[in-house]
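Contents: one structure, followed by commentary.
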Amino acid sequence: MMPPLLHAPGAGEKVDIEIRHYGEKPGRYLLYDDDGETFNYEKGDYSWREIKVEKDKKQQWKGTISAAVKDKPNSIGNVSWKFMTKPQP
C-alpha cells in the first residue's frame, strides 16, 4: 500500500491537525500558515498561530490555539490534542 501523498492545502482548503504534547512541562509554540501556493508570503500574506499547553486548575493538561488572523491565510481545520505523558499515580 502506498503512503498518502503529502501536499500543501489548496486555496481555501482546511486541514485537520493533531497536536501532541510530550513531557511534564507547559509549552508554547508558534505555528506558521500561508496559502501554500503562491509567493504572497513575501508581501506579508501569512500568519502565526500561538499554541499553548498548560495544566488547568485540576492539574489536567489543556491545549489552546489562538484564533485565525482576520484577512490572513487560515488552512487549519479542526484541532485535536493528544497528551502523550502518562499521569503519575
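Values quoted throughout were computed directly from the atomic coordinates according to the rules given, and no laboratory measurement underlies them. Quantities reported herein were computed from a predicted structural model and do not represent experimental measurements. When we count neighbours, we look across all protein chains shown, and the Cβ atoms used for this are built from the backbone with ideal geometry, even at glycine.
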Worksheet item: Which entries in K52/K86; K43/K70; K14/K86 show an alpha-carbon gap greater than 23 Å?
Response: K14/K86
Practice prompt. Would you calculate the separation in nanometres between label points at R28 and K58, each defined as 7 Å from the Cα along the Cα-to-beta-carbon direction?
Written response: 2.6
Worksheet item: When the chain is modelled as a GNM with alpha-carbon springs shorter than 10 Å, which of D33, D71, D45 fluctuates the most?
Response: D71
Worksheet item: Can you give the extra length, in nm with one decimal, that the chain gains between R20 and I65 once fully stretched, where that is 0.36 nm per residue apart less the Cα-Cα distance?
Response: 14.9 nm
Discussion item. Sort 47-55, 19-27 by packing, meaning the average of other beta carbons within 10 Å per residue, with the highest value first.
Written reply: 47-55, 19-27
Fill in: Whether the range 27-76 is rounded, prolate or oblate, judged on the alpha carbon gyration tensor where a/c under 1.5 counts as rounded
prolate
Fill in: Cα-derived Rg to Rh of the chain, Kirkwood definition
1.05
